[in-house]
Amino acid sequence: MKYKACLFDLDGVLVDTAVYHFQAWKILGKHFNFELSHEQNEELKGISRVESLDKILHWAHFQATQEQKGRWLKEKNETYLELISHMNPSEILPGVISFLDQLKEQGYLIALGSASKNAGIILEKTGLTTWFNAIIDGNVVTKSKPDPEVFLKGAEALGCPATACIVFEDAQAGIDAAKAGGMKVVGVGSPTILRGADKVISSFTELQVSELLLL
Ligand code: BG6
Ligand code: MG
């Protein structure tokens, strides 16, 4: 087999939690009179909570103290946890289960490569946990995407060389991370936004596992 493993980002690839992150940051922005735009939110995809707050404060031209930052990070996460508390399997994005099914049937290994520290909770709530041979999330990585660490750790956990891995990503930082790790990457989203992917799909309903061999 040309490829042995698929590594999935979580937010925006398997489930649409990007909308909850957006809402939670928007609510937090009220503390410093900042209205987050959709374009700015796009830049927050794939990057850690701490880096996201730093970017937002920069856009807001707000000089925050360490104490404020710590408090706001906690507050943003509490809002986010409240928003995701009602998640269930119906929020798995279209075509994902059928695609994972095909991968398992054809003997591919499957790993998660997410920047989120809440990945475990989301996988449990949506019933996705059992699909994964390895889970690498924001609790085990030290460097954020576009650094390839999260995907290299995933490949290592699966015992696969990077060249045998295909990454699925909705964020530019994630596509850059996969490429930096020497992996193939399928972008999930719009080809006008995502640059450098080997292929871009708008949904998993458009992709058959057999097509991966063309990458
Ligand atoms: C990524 C999201 O998956 O996880 C980012 O795309 C988010 O928007 C990051 O900031 C960290 O998530 P969390 O759940 O640890 O705050
Ligand atoms: Mg994502």
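No value in this document is a laboratory result; all are computed from the given coordinates. Quantities reported herein were computed from a predicted structural model and do not represent experimental measurements. We place every Cβ from the backbone using ideal geometry, glycine too, and count neighbours over all the protein chains shown.
Given the pairs Lys26/Lys145; Lys69/Lys143; Lys4/Lys125; Lys4/Lys76, which span a C-alpha to C-alpha distance of over 31 angstrom in this model?
Violating the 31 Å limit, Cα to Cα: Lys4/Lys76.
Just to be sure I understand: with springs between alpha-carbon atoms less than 10 Å apart, which residue in Phe62, Phe99, Phe22 has the highest mean-square fluctuation in the Gaussian network model of the chain?
Phe62
Set the Förster radius R0 to 35 Å, insert the Cβ-Cβ distance between Lys104 and Ile193 as r into 1/(1 + (r/R0)^6), and round the FRET efficiency to 0.05.
For R0 = 35 Å, the calculated efficiency reads 0.70.
Based on DSSP H runs of at least 4 residues, each adding -39500 (n - 2.57), what is the mean residue ellipticity at 222 nm of the chain after dividing by all its residues, to the nearest 500 deg cm²/dmol?
So the calculated ellipticity at 222 nm is -12000 deg cm²/dmol.
For the chain, what is the relative contact order in percent, using Cα pairs closer than 8 Å and at least 6 residues apart in sequence?
Once divided by the residue count of the chain, the mean separation gives 26 percent.
What's the longest bit of the chain with no exposed trypsin sites (Lys or Arg not before Pro), using DSSP loop states and at most 15 other Cβ atoms within 10 Å as the test?
The longest such stretch corresponds to 3-116.
Within 14 Å, Cβ to Cβ, of Ile193, how many net charges do the neighbouring residues add up to if Lys/Arg are +1 and Asp/Glu are -1?
Net local charge, Ile193 excluded: -4.
Give me Rg over Rh for the chain, both radii from the alpha carbons and Rh done the Kirkwood way, two decimal places.
0.97
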